[in-house]
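Data first, discussion second: the structure below is written as structure tokens.
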Amino acid sequence: MEASKLPERAFQSKTASSSNTFQSKTALPQHLRLQKTVGFDTAPQDHLFQLIGQILEADNLPLSELHKTQKGLLTLRLAEQNQLKSSRGPFEKLWRRATGNELRGELLEAVQNFVRLVVMPDLGTDCVVHQPLPTLRIHLPHTGKNLGGRHRDGDYYRQPTEVNYWVPLTRVGGSNSLWAESEPGREDFRPFEGHWGSCTRFWGNQCEHYTVENETETTRVSFDLRCVPAALYDDDYRSPLSKKDKAHFRLGQGYIRTTKV
Ligand SMILES: [Fe+2]
């Protein structure tokens, strides 16, 4: 799908008026500002994959067929009756519940393993500050809803030395993916292509991105993990966009630090 043919609402950025007013003074090196496909060995990440499947109650179905499970069918029925309040649906509830209970520790360990084996070699550092747990996205097909409008993560007061690892657990592309510009202000939006074992690192803090309605026949499951090389991390970062005179995210409050063991 060409960006020019996307539904109008995909371009409605709530920050559109401020898009040229925030010039980041980031110290992020140029090569980390560019999109990159990062391949990884899936075997050491198998536990993380299995945990997510277990949490989403996929049973024996592939994650790309979550819409065929009981919860998936219920979601699609609600969408058909125009009663689906949020595109996020019941699967996100399962994720929230799991990350708030005894699985949290196990998940955290699996995520830190991902950081050590995938993120650290890519960033070229042995110490990374990151979200403790990633944000999980489940996008069922044909719900008539996208998963998020056009924005930059910096709009939400996050520090500009942060990069995103966008990790699909299913095959993604086209309307079943995240659309992002390649550099701030270029507006050359393209969907990420990938699968489990091939993720995208991008500067979501300053590059705009959005989703569209999933018009494919498969469910997209992906997670995104925001990471900062520890040497570039500011624990007292105050966004110029925030009215509050305090840091919104700090170590222990939205960030943890992982070092190589
Ligand atoms: Fe985002």
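We did not get these values from a lab; they are worked out from the coordinates using the rules stated. On a predicted model such as this, the values are computed, not experimentally measured, just so you know. Reconstructed Cβ throughout: ideal geometry from the backbone, glycine too, with neighbour counts over all protein chains shown.
Segment 47-75 and segment 108-146 have Cα centres spaced 19 Å apart. Mind checking segment 169-261 for trypsin sites (Lys or Arg not before Pro) that DSSP puts in a loop (not H, G, I, E or B) and that have at most 15 other Cβ atoms within 10 Å? Sites meeting the loop and neighbour criteria: ARG186, ARG238, LYS243, LYS244, LYS246, LYS260. Each Lys or Arg adds one and each Asp or Glu takes one away; over the other residues whose Cβ falls under 10 Å from the Cβ of LEU48, this sums to -3.
Here ILE138, ILE256, ILE52 are placed in order of increasing Cβ neighbour count within 10 Å, fewest first, which gives ILE256, ILE52, ILE138. Of the residues THR75, THR143, THR216, the one with the fewest other Cβ atoms within 10 Å heads the list, and the complete ranking is THR216, THR143, THR75.
With semi-axes defined as the square roots of five times the eigenvalues of the C-alpha gyration tensor, the equivalent ellipsoid of the chain measures 28, 24, 17 Å, largest first. Annotation for segment 99-161: trypsin sites (Lys or Arg not before Pro) lying in DSSP loop with at most 13 further Cβ atoms inside 10 Å of their Cβ do not exist. The chymotrypsin sites (Phe, Trp or Tyr not before Pro) of segment 230-261 include none that meets both conditions, a loop assignment by DSSP and at most 14 other Cβ atoms within 10 Å of the site Cβ. Structure shown: which of LYS68/LYS93; LYS93/LYS246; LYS93/LYS244 lie over 19 Å apart, alpha-carbon to alpha-carbon? Going by Cα-Cα distance, LYS93/LYS246; LYS93/LYS244 fall outside the 19 Å limit. The fewest-to-most ranking of THR161, THR218 by surrounding Cβ atoms within 10 Å reads THR218, THR161. Excluding same-chain neighbours fewer than eight residues apart, the aspartates and glutamates reachable from LYS243 by a Cα-Cα span under 16 Å are ASP155.
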